[in-house]
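Below is one structure, written out as structure tokens, with a few remarks after it.
We did not get these values from a lab; they are worked out from the coordinates using the rules stated. Everything numeric in this text was worked out from a predicted model, so none of it was measured. Every residue, glycine among them, receives a Cβ derived from its backbone with ideal geometry; neighbour counts consider all protein chains shown.
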Amino acid sequence: MARELQQGATIWDVARKAGVSITTVSHSLNGKGNISETTREHVRAVAAEMGYVADAMARGLRSSKMNAIGLVFRSLDSLGNYGPNGVDVFMKLAGAAAAETLNRNLGLMLVPDLSRGPLPPFSMSLDGYIVFAPHLDDPVVALLEKRGIPYVTWDRDPGRPGFRNWVAHDDAASTRTVLDHLAAAGAASIAYVGGTDRNAWNFDCEAAYVDWCLETGTEPRIYHVPERDGVEGGREVGARILADGLPGAVFCLTGRHASGAAQALQERGVRIPGELLVCTGSDSEHSRQHQPPISALDVDIPAAAAALVQQLVDVMDGTKDPAPVLLPARFLERDSTLHHRMPFH
């Protein structure tokens, strides 16, 4: 069933909760008046928490259809940087999603973290949202739920096992594809480097790695690096891996970590692929340009965008029962995992 739009918070509600006048609320949100920065930030925080939309036209649009949807990249919200160097998958997905929406006579709006104020005009008036990689107990998801705005996610919501409106690669199967490839290429031991964002991608890939190790009798070696640390974080973990004893292969979930780890190990005399195989779970400019190029899992961007937009349209129209959509990931074999005849490390 299509959503029943809610009226939401008013300027009076914000003023009452913030303990200020409605004039102070208006001036705080519009950057006007002689108001202290402390008061201004307090009012903005209260307005954001309540989901208040200051623009009068946006408030009026709550009761009508805008023919536009929003796209929120929770991974980039976490990074605090919407254009991380060498990471192009997000903007490629945004472009493909824009094409899909335009083909349906819909608009697409890229929206920053909805849980931090002040909210962009019209953000709470959009017909629905695509939320990329929601985190455990995600405040953006909570806000959309509170406001009754339809949404779908890329990757499952780790905090809501009953939620079924999501699209993703089969992360467990993709992880096994990489591990089997590395083992077949001669790696007797494989170190795993995951991120620290609390999302399904990190959780499910690590769980699949542990299960694979148990099934194959391989000793798990798990390292965690914050996604925001990028290449430098990869360099640091590369040094740690070598200090703990060189494995046969390193599997890093992010391309920036993989490139940084490979750099650090090569600078210390480790030959890739001669002594070590390296692979990443997310292709990027870093993995493509590294020497040797790093094998990677890759998102089928057009298929992902088409599935996400179609599922959101179905949710907004209420025409189908919710059901997850699993897409196969593509494995791109490159020189960093060339096959060896004999096992090593």
How far, in degrees from 0 to 90, does helix 255-267 lean away from the longest principal axis of the Cα atoms of the chain, to the nearest 10?
40 degrees
Quote the charge dipole size of the chain about the Cα centre in Debye, to the nearest 20; the model charges only the Cβ of Lys and Arg (+1) and of Asp and Glu (-1).
920 debye
Grab the DSSP H runs of the chain that are 4 residues or longer, score each as -39,500 (n - 2.57), total them, divide by all residues and round the 222 nm result to the nearest 500 deg cm²/dmol.
-13000 deg cm²/dmol
From largest to smallest, what semi-axes in whole angstrom does region 69-135 give when each is the square root of 5 times an eigenvalue of its alpha carbon gyration tensor?
19, 17, 9
Positive dipole terminus of the chain, leading residue within P273, T38, P158 (C-beta point charges)
T38
Based on a Kirkwood Rh over C-alpha pairs, give the Stokes-Einstein translational diffusion coefficient of region 119-224 at 37 °C and viscosity 0.692 mPa s in µm²/s.
209 µm²/s
Work out the charge dipole of region 185-337 with +1 on the Cβ of Lys and Arg and -1 on the Cβ of Asp and Glu about the Cα centre, then indicate which of H224, A261, A200 is farthest towards its positive end.
A261
